[in-house]
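The values are calculated or read from the model by the stated rules, or taken from the named source; none is laboratory data. The structure presented is a predicted model; accordingly, all values stated were derived computationally and were not measured. Heads up, the Cβs are rebuilt from the backbone with ideal geometry, glycines too, and the neighbour counts pull from every protein chain shown. With ligands, DNA and RNA removed, areas are computed over all heavy atoms of the protein, side chains included. Shrake-Rupley method; radii C 1.70, N 1.55, O 1.52, S 1.80 Å.
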Amino acid sequence: MTHVKMSARVLVPFIVSGLSIFAVLVYAHVLPLLFDLPHDPELRLFLLCLLVGSITFLASLFSLRWITGPLFRFFRKAEDLGVLPAKQSAEETHNKTDPEIWESMLLQVTDILSTLDASTMFPEIICQSRSMREVLTQTAQVARTDSSVLITGESGTGKELIASGIHKCSARAKGPFLAINCAAIPSQLLESELFGYERGAFTGASSAKPGKFELANNGTLFLDEIGDMPLETQAKILRTLETGEISRLGSTSTRHCDVRIISATNADLPKKVEEKTFREDLFHRLNVFPLALPPLRQRKEDIPALVDHFRKKLGHESPCPPEMLQIFLAQDWPGNVRELKNHVERSLVLEDAQRLTPRHEEHVPNSPVQESTAARAEQASELEHNDLDSSLAAIECKMICAALKRTEGVQNSAAELLGIKPRSLWHRIKKYEIDVNKYKIAQHH
């Protein structure tokens, strides 16, 4: 037996219309047989409208209950599963009207769904804040198109990560994704990097080389720090965007390139346009769809998730110690997510150094874990008056010195004790200007 499924949006109007027609037929053929209806046409029309309206109203109430019933059951199930918060107290519920309760529940469901959608489409982007989820919603919208995107935001906010996410969710996902930092390449070399060159185009060009535009054909080219691009290179970029063709340095022919451009900057491009250091026509070509990334200090609710993410990537499954997490949350992070990542890595070095000291060595003289009450108070005082960089640097230096003392100045053993590579320890010793020889000499006295 074949089962036919019918949508509620079709079935409900069909039922209501059918009942209205039924009411007209009843009024025209059944009621005259049972009652003496008035002969006044206006009165008869009034009675007909009253009958049809009553039946339609009752049918609508039934249909509304039919539709909202499953929705109510959905919310109740969500509460039972813990997806939504438990029922509010009687006083809180009494102070809210039914529409307010519905609105609150729908907003919570929307937040949950948007979080799940963001984590599914952009798993490499860690965020819980509403501001970043709004950015990811816009990112998902523009990813389906082929429009140029201009990503703005402070250094370290993840502009390249967003650009890569746009590419992976676009129709060009199977094509290449290339990135170039316009500020990191000297102006005289930037043009050859972008457009390539022919053999003999300049001294040292012993062979031809394709540029980024050719290599990114049928894919995406990410131009980071676009605001630092020289004016002469801007003109060539504009022509390429308008014609879809490039010309290598030293060549008289052109090549067609199908490339999507995503650019990024931490500069104020409109101001640069006013100062005549950035072409206005190129700005409008790049700024088809702007995306503004909020700084980390404006979305601190993302910090715990980011810290846990970085710890796991560095091989630490345990959660961040609460006191260290409080330090992270208290900072403004001018370097944003990039700076946070560096500090998480540094804190793990210190955390591992402390864990590697056995508890049974606490009674041994000069053990790194043996501290007097005065020493602990002095360290706490330093943490109160110094910034995060200075405090962590001081702790790191003390841990390195303690490890060198325990290993009698043998750096490989000290690095193993600290849980870092010997080369990394060597760099830190140079950074803090630690005299390793005094730990070796101490063993001869």
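In table form, for the structure just shown:
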quantity: Selection count, the range 192-231, where residues are touching a helix residue (DSSP H, G or I) at 6+ places or on another chain (Cβ under 7 Å), under 19 Å from Asp281 (Cα atoms) and open to solvent by 10 Å² or more (accessible area, probe 1.4 Å); calculated: 2
quantity: Given (1) touching a helix residue (DSSP H, G or I) at 6+ places or on another chain (Cβ under 8 Å); (2) under 26 Å from Gly165 (Cα atoms); (3) without any contact (Cβ under 8 Å) to a residue 40 or more places away in the chain, index of the condition Gln234 fails; calculated: (3)
quantity: Set Gly200, Gly156: member being under 23 Å from Pro334 (Cβ atoms) and out of contact with any strand residue (DSSP E or B) (no Cβ under 9 Å at 6 or more places or on another chain); calculated: Gly156
quantity: Unmet criterion (only one of (1) part of a helix (DSSP H, G or I); (2) open to solvent by 50 Å² or more (accessible area, probe 1.4 Å); (3) under 21 Å from Ala143 (Cβ atoms)) for Ala171; calculated: (1)
quantity: Only one of Phe289, Phe278, Phe283 that is at pLDDT 95 or above, open to solvent by 40 Å² or more (accessible area, probe 1.4 Å) and aromatic (Phe, Trp, Tyr); calculated: Phe289
quantity: Matching helices (runs of 4 or more DSSP H) fully within the range 237-342 where at least 1 residues are of a type in the set (Gly, Ala, Ser); calculated: 303-313, 322-330
quantity: Of all residues in the range 134-168 being surrounded by fewer than 19 Cβ atoms within 10 Å (Cβ to Cβ) and basic (Lys, Arg), the one that is farthest from the chain's Cα centre (by Cα); calculated: Arg144
quantity: Options Ser424, Ser347, Ser413; residue that is modelled with pLDDT of 70 or more, hydroxyl-bearing (Ser, Thr, Tyr) and over 28 Å from Phe328 (Cβ atoms); calculated: Ser413
quantity: Considering residues of the range 248-257 that are of a type in the set (Gly, Ala, Ser) and touching a Gly at 6+ places or on another chain (Cβ under 9 Å) only, the residue least open to solvent (accessible area, probe 1.4 Å); calculated: Ser251
